[in-house]
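The values are calculated or read from the model by the stated rules, or taken from the named source; none is laboratory data. All values reported here derive from a predicted model rather than from experimental measurement. FYI the Cβ positions are ideal-geometry reconstructions off the backbone, even for glycines, and counts take in every protein chain you see.
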């Protein structure tokens, strides 16, 4: 089931098994996404993760242009965390803030991490990628990786290195477009980020996963799965 309310994208998915007319909740892992349009475009990274790992339930609270600071101050994401029941909460910061305002990023990620842990969950930091229009501000792949990795080490949180995977993919196949000029991922970029999250959260390689979104080719999906695995050290 997927709903859109006041520009805030919330998704809940349940798994239906062959031979049953009712939707059966067989999920073993519950994941909440907090972020912005990088998360919800192309139907959502959460939706792609559900395809790769069918026995999951996800909810996405993502609002265009939002930072973790704004999510925290408005309180709605915090309410969702405090409802409990989340195995993991994925935090995605606005694409430039981890470098241009690193203290803001770390301060609010720490606040969220404390609440996530207090309510029985684990934090996953979704490292974003270098935007074509952001290099002049110093927001490079290396700078993003340093910011996310440093915070992940401090918090003892998982870091899903989507930004490093994007770089690896572009080095291998520069003709494969992963994002637009403002950094929003294409369908291929969304799928790659989901493969990275799958590998990091479930601690297994995405290579060979049967799920392929109909909007990309099987050949491209196989390449992106391999890139994600290599970026994670599998």
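See the values below:
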read-out	value
Of residues in region 115-132 being in a helix (DSSP H, G or I) and touching a helix residue (DSSP H, G or I) at 6+ places or on another chain (Cβ under 7 Å), the one farthest from residue 46 (Cα to Cα)	115
Hits in region 178-234 (condition: surrounded by fewer than 20 Cβ atoms within 10 Å (Cβ to Cβ) and closer than 13 Å to residue 126 by Cβ)	none
Cross-chain or 6+ apart pairs with Cβ under 9 Å, region 93-108 first and in contact (Cβ under 8 Å) with a residue 60 or more places away in the chain, then surrounded by fewer than 19 Cβ atoms within 10 Å (Cβ to Cβ)	95/182
For residue 151: the one exception among (1) in a loop (DSSP other than H, G, I, E, B); (2) over 16 Å from the mean Cα position of the chain (by Cα)	(1)
Every residue from region 156-196 that is within 13 Å of the chain's Cα centre (by Cα) and more than 19 Å from residue 98 (Cα to Cα)	189, 190, 191, 192, 194, 195, 196
Any hit, region 93-114, residues being within 21 Å of residue 47 (Cα to Cα), touching a strand residue (DSSP E or B) at 6+ places or on another chain (Cβ under 9 Å) and not in a strand (DSSP E or B)	yes
Filter result (surrounded by fewer than 24 Cβ atoms within 10 Å (Cβ to Cβ), in a loop (DSSP other than H, G, I, E, B) and in contact (Cβ under 8 Å) with a residue 40 or more places away in the chain) within region 160-177	173, 176
Residues of region 67-87 classified as in contact (Cβ under 8 Å) with a residue 40 or more places away in the chain, part of a loop (DSSP other than H, G, I, E, B) and over 16 Å from residue 122 (Cβ atoms), total	1
Qualifying position, being more than 18 Å from residue 215 (Cα to Cα), surrounded by fewer than 22 Cβ atoms within 10 Å (Cβ to Cβ), in contact with a helix residue (DSSP H, G or I) (Cβ under 9 Å, 6 or more places away or on another chain) and modelled with pLDDT of 95 or more, among 41, 89, 63	63
Residue within region 184-196 that is part of a helix (DSSP H, G or I), at pLDDT 95 or above, more than 24 Å from residue 93 (Cα to Cα) and in contact with a helix residue (DSSP H, G or I) (Cβ under 7 Å, 6 or more places away or on another chain) present	no
Region 197-231, residues that are in a loop (DSSP other than H, G, I, E, B), touching a residue at least 40 places away in the same chain (Cβ under 8 Å) and under 16 Å from the mean Cα position of the chain (by Cα)	206
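A quick yes/no check of all residues on (1) under 12 Å from the mean Cα position of the chain (by Cα); (2) closer than 21 Å to residue 196 by Cβ; (3) surrounded by fewer than 15 Cβ atoms within 10 Å (Cβ to Cβ); (4) at pLDDT 95 or above:
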| position | (1), (2), (3), (4) |
| --- | --- |
| 47 | yes, yes, no, yes |
| 68 | no, yes, no, yes |
| 82 | no, no, yes, yes |
| 103 | no, no, yes, yes |
| 126 | yes, yes, no, yes |
